[in-house]
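The values are calculated or read from the model by the stated rules, or taken from the named source; none is laboratory data. What you see is a predicted model; the values in this text were computed from it and never measured. With ideal geometry, Cβ positions are generated from the backbone for all residues, glycine too; neighbour counts draw on all protein chains shown. These accessible areas exclude ligands, DNA and RNA; they are computed on the full protein's heavy atoms, side chains included. Shrake-Rupley method; radii C 1.70, N 1.55, O 1.52, S 1.80 Å.
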Amino acid sequence: MHQPRPDLAPDGSLSRAEMESLQREIASVATFEDDLSFDPAVLSNPLEAAASGDEQPVVVGVDQSFLTNEDGEQDRALSAVVATRGGEVIERVHAVTDLEIPYIPGLLSFREGRPILAALEELSVEPDLFLFDGSGRIHFRQAGIATHIGVVRNVPSVGVAKSLLCGTPRENTDDLLEGTTIGIEANSRVDAPDGTLLGYAVQTRQYDSPNRYINPLYVSPGHRVGPETAADIALALSSSYKLPEPVRLADKYADEAKGEIDT
DNA sequence: GCGACAG
DNA sequence: ATCTTGTCGC
């Protein structure tokens, strides 16, 4: 149905107004409902899936680290990509590009998009799903980094953020039980009707008894994934750690690869 | 003017 | 994101 849209790739040389305009276009082209090439249930029940003959999808985690200049200033971004299938790592690639703009809330894809697309170019396997470290639809213009890259590559994607950019939780998100999800809806700061379901606060991990708590993740549709499925995917892919495995591995790889670079 | 603000 | 020791708890 949809096609890749390289013409909508993030460009750090655009003006702020042009960036925001491009994001509105990305949001209008994005699909915030399930349109996957596989049944997401296979991620939760790998054994049953295998017995039924269902193949595991290639789930790709993406994360960035930054390289500093001789003067101690961040001048390059390193994007790490880890492809997994059935819980196993099948490929890892990374790319480094110069940074064009500083970090600006709401314009993250224009800072990290280039290195991400460059790294994805190095991937030889065909991705069935992308998991990004950042928001998808939980974004001022409903076009976070997961949505932007998902649309450009036309690959189903999910945004996994460690903190909330915008939107309002429908209930308290303090000390939730593991497995709990709380809807995040649009508020006045979001370019969508108030109350629109943007994603979910997802408690992938939680301590048992002590007086210490883990904060939830904020999961939202990037492209071709609905909010419930996005949350289900985050839960299914999280095992021993708070972050879904593909993203956690990409995070670790981003640091390792960074350490193997000279200047 | 004031507050909010992914990585 | 990044800079970093100690410290709490299982």
Please verify whether region A:70-77 includes one or more residues that are within 11 Å of DNA strand C (Cβ to nearest atom) and among the hydrophobic types (A, V, I, L, M, F, W, C). yes
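Residues are listed down the side, and each one gets a yes or a no for (1) closer than 21 Å to A:Ile233 by Cα; (2) of a type in the set (Phe, Trp, Tyr):
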residue	(1), (2)
A:Ser37	yes, no
A:Ser44	yes, no
A:Gly61	yes, no
A:Thr97	no, no
A:Tyr103	no, yes
A:Glu112	no, no
A:Leu123	no, no
Residue check, A:Gly167 crowded, with 24+ Cβ neighbours inside 10 Å, small (Gly, Ala, Ser) and either away from DNA strand C (no atom under 16 Å from the Cβ) or free of Cβ contacts under 8 Å to residues at least 12 places away in the same chain (or both): yes
Inside region A:149-164, can you point out the residues that are open to solvent by 30 Å² or more (accessible area, probe 1.4 Å) and within 16 Å of DNA strand C (Cβ to nearest atom)? A:Lys162, A:Ser163, A:Leu164
More than 16 Å from DNA strand C (Cβ to nearest atom), of a type in the set (A, V, I, L, M, F, W, C) and farther than 21 Å from A:Ser109 by Cα: is that true of A:Ala201 in this structure? yes
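Touching a residue at least 24 places away in the same chain (Cβ under 8 Å), near DNA strand B (Cβ under 10 Å from one of its atoms) and not in a loop (DSSP other than H, G, I, E, B): which single residue out of A:Val151, A:Val160 fits that description?
Matching residue, one of A:Val151, A:Val160: A:Val160.
One line per residue, one yes/no per condition, for (1) outside any strand (DSSP E or B); (2) buried (at least 23 other Cβ atoms within 10 Å of the Cβ):
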site: A:Leu67; (1), (2): no, no
site: A:Gly72; (1), (2): yes, no
site: A:Val81; (1), (2): no, yes
site: A:Tyr103; (1), (2): yes, no
site: A:Glu121; (1), (2): yes, no
site: A:Phe132; (1), (2): no, yes
site: A:Ile138; (1), (2): yes, yes
